[in-house]
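S.K.: Let me give you the structure first, and then I'll get to my questions.
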Amino acid sequence: MNEEFKGVNFSYTRFIFVGFPEISDYKHLLFFPFFITYILGLAGNSLLLFVIKTSESLHSPMYILISGLAMVNIVVPTAIVPNMLLSFLFDLNEISLAGCLTQMFFTHFFSSVESTILLAMALDRLIAICNPLRYADIMNASAFIKLAAFMLVRSGSIMSALVILARPLAFCRSNVIKHCYCDHMALVSLACDSTAKNNVMGLAVIISFVGIDISVIVFSYIRILNAVLQAAEDRWKAFHTCGTHLIVMLCFYLVGSVTFLSHNLGITMPTGVNTFLGVLYIIFPATVNPIIYGVRTKEIRNCILKMFRKRGSKVFTVKVSTVKA
């Protein structure tokens, strides 16, 4: 324990979020852009799930992964954005330690699940483009069971360790969390105990979900690029789609790495900037993914257009029948 905190025998059990102190007098204005972005992401991912579920032609490995990504993009923003919006309007920015640890686990757990799904999608495209004849044999039900087991064990164990190590800390330094949600290092930085183990686990998250995952993803796309350069036109089209996916993935990992490393490496960053990047890391993929994997994916786009045409045709038929009657 640091010298200045020796003899302190209390620990805060309730915390206050202060995400944008630089514009505290105008934070209610932040409600509208974040609310609209959240609703658009919620609607887009819900539509994506509905289309994939109701269209039998989309019941294939790649679209199952996309639907899993859509579910994560609904759960993670919902875990933090509604509370954040309430704090903007009504200053309801207080949370208990138990609530903070719970929010921390679910936010980081599902973000790590998203990383695993992105990794699986890159490997799926690698197999589909570089080894199409064996695609059905490799991407089968057994592969999905192994993927789910790997995802749950890796994400569950590492994120549980984050919470377990944070739970017994004494928080006597302050009860003000400089963020809009309960980020791991934002909470741990308030502890007056030694946080060496917490810092090590924070770096383990970076190594596991950024270092390893992004390395495999980049390797996969290098292999895909090599195959595309020697292939026919249809593979160029496939690579065009994969290129868009890669851009979104890199943005996800880049912003996430900055928010994690800023605390672990002691990088000084304005609270508002760090908070914005932390929220962007959650909201940006949830808003953009339905466009990238929906509108820009031909099969999904055709199913959406077909669904709306069918609905429009039914409405027209009902109106004509009413007139004849």
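Rule-based calculations on the coordinates, nothing more; no lab input. Remember, predicted model here, so these are calculated numbers, not experimental data. All Cβ positions, even for glycine, are placed from backbone atoms using ideal geometry, and neighbour counts span all protein chains on display.
S.K.: Along the charge dipole of the chain, pointing to its positive end and built from +1/-1 on Cβ of Lys, Arg, Asp and Glu, which listed residue (Ser155, Gly294, Asn93) has its Cα farthest out?
M.R.: Gly294
S.K.: Starting from the 7 Å offset along Cα-to-Cβ, what nm value, one decimal, do you get for the label separation of Leu40 and Ile222?
M.R.: 3.6 nm
S.K.: Give me the dipole magnitude in Debye, nearest 20, for the chain about the Cα centre, with unit charges on the beta carbon: positive for Lys and Arg, negative for Asp and Glu.
M.R.: 1380 debye
S.K.: Please compute the length gained on full extension between Thr78 and Ala136, using 0.36 nm multiplied by the number of residues separating them and subtracting their Cα-Cα distance.
M.R.: Net length gain for the segment: 17.4 nm.
S.K.: Turning to a different aspect of this structure: Among the helices of the chain (complete DSSP H runs), which have Cα atoms covering no less than 18 Å along the helix axis and a Kyte-Doolittle mean of at least 1.6?
M.R.: The answer, listed by residue number, is 31-54, 61-90, 141-166, 213-229.
S.K.: Taking the dipole about the Cα centre of the chain, with the C-beta of Lys and Arg at +1 and of Asp and Glu at -1, give me whichever of Ser257, Phe171, Ser111 is farthest to the positive side.
M.R.: Towards the positive end, the residue furthest out is Ser111.
S.K.: Once each part is reduced to its C-alpha centroid, what is the distance from the range 83-115 to the range 177-220 in angstrom?
M.R.: The two parts, judged by their Cα centres, are 16 Å apart.
S.K.: A further question follows. Using only alpha carbon pairs under 8 Å that are at least six residues apart, calculate the relative contact order of the range 12-324 and give it in whole percent.
M.R.: Relative contact order for the range 12-324 comes out at 27 percent.
S.K.: Give me the count of lysine pairs in the range 12-324 whose alpha carbons sit under 28 angstrom apart, restricted to pairs 8 or more positions apart or on different chains.
M.R.: Close lysine pairs found across the range 12-324: 19.
S.K.: When the helix-only estimate is applied to the chain (DSSP H runs of n ≥ 4, each -39,500 (n - 2.57), divided by the residue count), what is the mean residue ellipticity at 222 nm, nearest 500 deg cm²/dmol?
M.R.: The helix contribution divided over the chain gives -24500 deg cm²/dmol.
S.K.: Could you calculate, for the chain, the ratio of the Cα radius of gyration to the Kirkwood radius, expressed as Rg to Rh?
M.R.: Ratio of gyration radius to Kirkwood radius: 1.04.
S.K.: Residue separation times 0.36 nm, minus the C-alpha to C-alpha distance between Phe150 and Leu86: what's the value?
M.R.: Roughly 19.4 nm would be gained on extension.
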